1. Can you tell me which residues in region 27-62 are touching a residue at least 60 places away in the same chain (Cβ under 8 Å) and either of a type in the set (S, T, N, Q) or under 16 Å from residue 6 (Cβ atoms) (or both)?
2. Quick test of your reading of the structure: residue 107 fulfils all but one of (1) part of a helix (DSSP H, G or I); (2) open to solvent by less than 30 Å² (accessible area, probe 1.4 Å). Name the failing condition by number.
3. Report the residue count in region 6-43 for those that are part of a loop (DSSP other than H, G, I, E, B), over 22 Å from residue 163 (Cα atoms) and open to solvent by 50 Å² or more (accessible area, probe 1.4 Å).
4. So, residue 46, is that one at pLDDT 95 or above, more than 24 Å from residue 123 (Cβ to Cβ) and crowded, with 17+ Cβ neighbours inside 10 Å or not?
5. Here is a list of conditions, (1) at pLDDT 85 or above; (2) out of contact with any helix residue (DSSP H, G or I) (no Cβ under 8 Å at 6 or more places or on another chain), and residue 200 meets all of them except one; can you say which number that is?
6. What residue, among those in region 63-101 that are free of Cβ contacts under 8 Å to residues at least 40 places away in the same chain and open to solvent by 60 Å² or more (accessible area, probe 1.4 Å), is farthest from residue 166 (Cα to Cα)?
7. Examine region 146-165 for a residue that is over 16 Å from residue 26 (Cβ atoms) and either over 19 Å from the mean Cα position of the chain (by Cα) or free of Cβ contacts under 8 Å to residues at least 24 places away in the same chain (or both), and state whether such a residue exists.
8. Just to be sure before I move on: is residue 100 more than 16 Å from the chain's Cα centre (by Cα), of a type in the set (Gly, Ala, Ser), assigned to a helix (DSSP H, G or I) and within 23 Å of residue 199 (Cα to Cα) in the structure I sent?
Amino acid sequence: CPAAWCLARAGVPLRLIDEDRVEVSNLHRQMLYRESDVGRLKVEAARDALHALNANVACEFRSEHVVPERALELLKDVALVVEGSDNYPTKFLVADACKALGIPVVHGACVGWIGTVLPVIYGESACYRCVFEDLPGRDAGDEPLTCATAGVYGPLTSAVGAMMAADALRLLRGDRSTAGVIARYDGWNQTFRATRFRRRRECPLCGDGVGAVTLETARYVVDCG
């Protein structure tokens, strides 16, 4: 929501993708929604809120989850993807789909008081799999922290969403300076750290010798059960 707010204010045309409906528990952090929106499709309520901010911004929406069978269709014909999903399977899927389509992507995440942002340009910078390789804890059997298990503090999402929008605007203007740099913000301790990662030559998504990627050949398939 905060990233879309910033981008709409800047006049960037948007495609919103989400199948969920607004719940009361969303209101403390998803700034586009009001109590009167509870029960509405998030994408419809968000579109109305964004048009109220900037009546001239183009804003289309898809009321769907990003799943392997639909990912390429949902993400095609866009200049850049801003990925703010709340689960690791979708993050890896979007990374794979963006590589397949040749689209830059800005990944963002918030858990507890910690937020991270990673802009990616495939072929030039480290990608999501360069850094995280695969689902956290998959080998050890650990359950990674998520918004559902650890919660997220509302103000953190605004800070991280603003950083995501800033990176998106940089990339759209041709500025590649932050690609491959993970920005980590600790809202509790008020600390900020930026770390540049190099591409891994053995990365299964963008490493040396990796050819064209399709969702049929990607290593990871989302469990949609």
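1. Step one: filter region 27-62 for residues touching a residue at least 60 places away in the same chain (Cβ under 8 Å), giving 28-31.
Passing the criteria: 29, 30, 31.
2. Condition not satisfied by residue 107: (1).
3. In the first step, residues of region 6-43 are kept if they are part of a loop (DSSP other than H, G, I, E, B); the result is 10-13, 18-20, 22-23, 27-34, 38-40.
Now restrict to residues that are over 22 Å from residue 163 (Cα atoms): 19-20, 22-23, 34, 38-40.
Now restrict to residues that are open to solvent by 50 Å² or more (accessible area, probe 1.4 Å): 19-20, 23, 34, 38, 40.
Residues in region 6-43 being part of a loop (DSSP other than H, G, I, E, B), over 22 Å from residue 163 (Cα atoms) and open to solvent by 50 Å² or more (accessible area, probe 1.4 Å): 6 in total.
4. Values: at pLDDT 95 or above: yes; more than 24 Å from residue 123 (Cβ to Cβ): yes; crowded, with 17+ Cβ neighbours inside 10 Å: yes.
It is true that residue 46 is at pLDDT 95 or above, more than 24 Å from residue 123 (Cβ to Cβ) and crowded, with 17+ Cβ neighbours inside 10 Å.
5. Against the list (1) at pLDDT 85 or above; (2) out of contact with any helix residue (DSSP H, G or I) (no Cβ under 8 Å at 6 or more places or on another chain), residue 200 comes up short only on (2).
6. Residue satisfying both the conditions and the ranking: 69.
7. Checked against the condition, which is being over 16 Å from residue 26 (Cβ atoms) and either over 19 Å from the mean Cα position of the chain (by Cα) or free of Cβ contacts under 8 Å to residues at least 24 places away in the same chain (or both), region 146-165 yields at least one hit.
8. On the way: more than 16 Å from the chain's Cα centre (by Cα): yes; of a type in the set (Gly, Ala, Ser): yes; assigned to a helix (DSSP H, G or I): yes; within 23 Å of residue 199 (Cα to Cα): yes.
Yes: the conditions hold for residue 100.
The values are calculated or read from the model by the stated rules, or taken from the named source; none is laboratory data. Here the structure is a predicted model, which is why all the values come from computation and not from measurement. No Cβ is skipped: glycine too gets one built from the backbone with ideal geometry, and neighbour counts run over all protein chains shown. Accessible surface areas use protein heavy atoms only, side chains included; no ligands, DNA or RNA. Shrake-Rupley method; radii C 1.70, N 1.55, O 1.52, S 1.80 Å.
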